[in-house]
Amino acid sequence: MTLIGSPFLLAHSPQQIAIEGTVALVTLYDASQLESIDISQPASLHLLQIASLASANTSCHALALATSGQVAYIGCYEEAMVEQVDTSNPSNLRLTQIVSGISSPQRILPLGSYLLVPSSARGGRVYEVPRPSSP
């Protein structure tokens, strides 16, 4: 294995990465952010946007990340919620919906018209959530 190009530097704690076409999405736990990165030229990665995942009255300690088509689902670990983000324009990511009441989302798996979300809370819960409507 060999390194291609220089490492892409992130200012905060990256947690998860998901790829849709030529765009990588990265969750940043301590910054309540989602970054979109153009990966079409692996030796020269290019930042498209740093999107805030914080809503009007809460932050989002982003941990889990899954994509499906032009939608990203982000698990906000400490806030017990999943955010839906429209990724149709990777340079203009938009928060479109929040589903609350999901304790410590550890991972998100889109499955048909549902999201399966295991929790890392004591007791081992797995939430089945109807997939929010697309933006």
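The values are calculated or read from the model by the stated rules, or taken from the named source; none is laboratory data. Please read all numbers here as calculations on a predicted model, not as lab measurements. Cβ sites come from the backbone with ideal geometry, for glycine too, and all protein chains shown count toward neighbours.
Filtering segment 59-88 to residues that are out of contact with any strand residue (DSSP E or B) (no Cβ under 7 Å at 6 or more places or on another chain) and either touching a residue at least 60 places away in the same chain (Cβ under 8 Å) or not acidic (Asp, Glu) (or both) leaves SER59, GLY69, SER88. Under 22 Å from LEU48 (Cα atoms) and either of a type in the set (Val, Ile, Thr) or assigned to a loop (DSSP other than H, G, I, E, B) (or both): does that describe ILE102? Spelling it out, it is not the case that ILE102 is under 22 Å from LEU48 (Cα atoms) and either of a type in the set (Val, Ile, Thr) or assigned to a loop (DSSP other than H, G, I, E, B) (or both). What residue, of LEU63, LEU45, is closer than 30 Å to ILE4 by Cβ, in contact with a helix residue (DSSP H, G or I) (Cβ under 8 Å, 6 or more places away or on another chain) and modelled with pLDDT under 90? Of the residues listed, the single one that is closer than 30 Å to ILE4 by Cβ, in contact with a helix residue (DSSP H, G or I) (Cβ under 8 Å, 6 or more places away or on another chain) and modelled with pLDDT under 90 is LEU63.
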